[in-house]
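Structure first, commentary second.
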Amino acid sequence: MATKKVTVTIPEELLDEIRADAAERGLSAYVADALRVKRDRDRLVELVDWLQEEYGPVSEEESAAALAELDEIDAEHDRRRAQHGGVGEAA
């Protein structure tokens, strides 16, 4: 995959925390992963908005069930990252 160098401004305290979290992966990989996650979430928000326009709002029960499923998925991702040391895992 081609890459391009860009300049961004980040609050110093946040940058210090990110550098500590990024460790061996490196700052660029950490930021690229974070941007992918943000882009994917933005696309999901667009999808949810469209679905609600087409089919109506999500009920409290449906929302709770979806959040519970997301918690299970997050827990599984955490288990997999822990098994592999968090290196090279896809978002």
task = Counting residues in the chain as N, plug N into 2.2 N^0.38 Å and put the Cα Rg over that result.
result = 1.40
key: residue 34 paired with residue 14, simple spin-label distance in nm, labels 7 Å along Cα-to-beta-carbon   = 0.7
remark   = Averaged per residue, the 1.4 Å probe accessible area of the chain, protein heavy atoms only, in Å², is roughly 91
Pair residue 45, residue 70: separation of 7 Å Cα→Cβ label points (nm) = 1.2
request  = Return one number: the angle in degrees, 0 to 90 and rounded to the nearest 10, between the long axis of the Cα atoms of helix 27-55 and the longest principal axis of the Cα atoms of the chain.
outcome  = 10
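Report, to the nearest whole %, how much of the accessible area of the stretch 12-85 belongs to carbon and sulfur atoms, 1.4 Å probe, protein only.
Values: 3380 of 6440 Å².
Of all accessible area on the stretch 12-85, carbon and sulfur atoms account for 52 percent.
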ask   = For the chain, what is the charge dipole size about the Cα centre, in debye to the nearest 20, if Lys and Arg each add +1 at the Cβ and Asp and Glu each add -1 at the Cβ?
value = 860
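The values are calculated or read from the model by the stated rules, or taken from the named source; none is laboratory data. On a predicted model such as this, the values are computed, not experimentally measured, just so you know. Positions of Cβ are backbone-derived with ideal geometry, glycine not excepted, and every protein chain shown enters the neighbour counts. We work out accessible area using only protein heavy atoms, side chains counted, and drop any ligands, DNA or RNA first. Shrake-Rupley method; radii C 1.70, N 1.55, O 1.52, S 1.80 Å.
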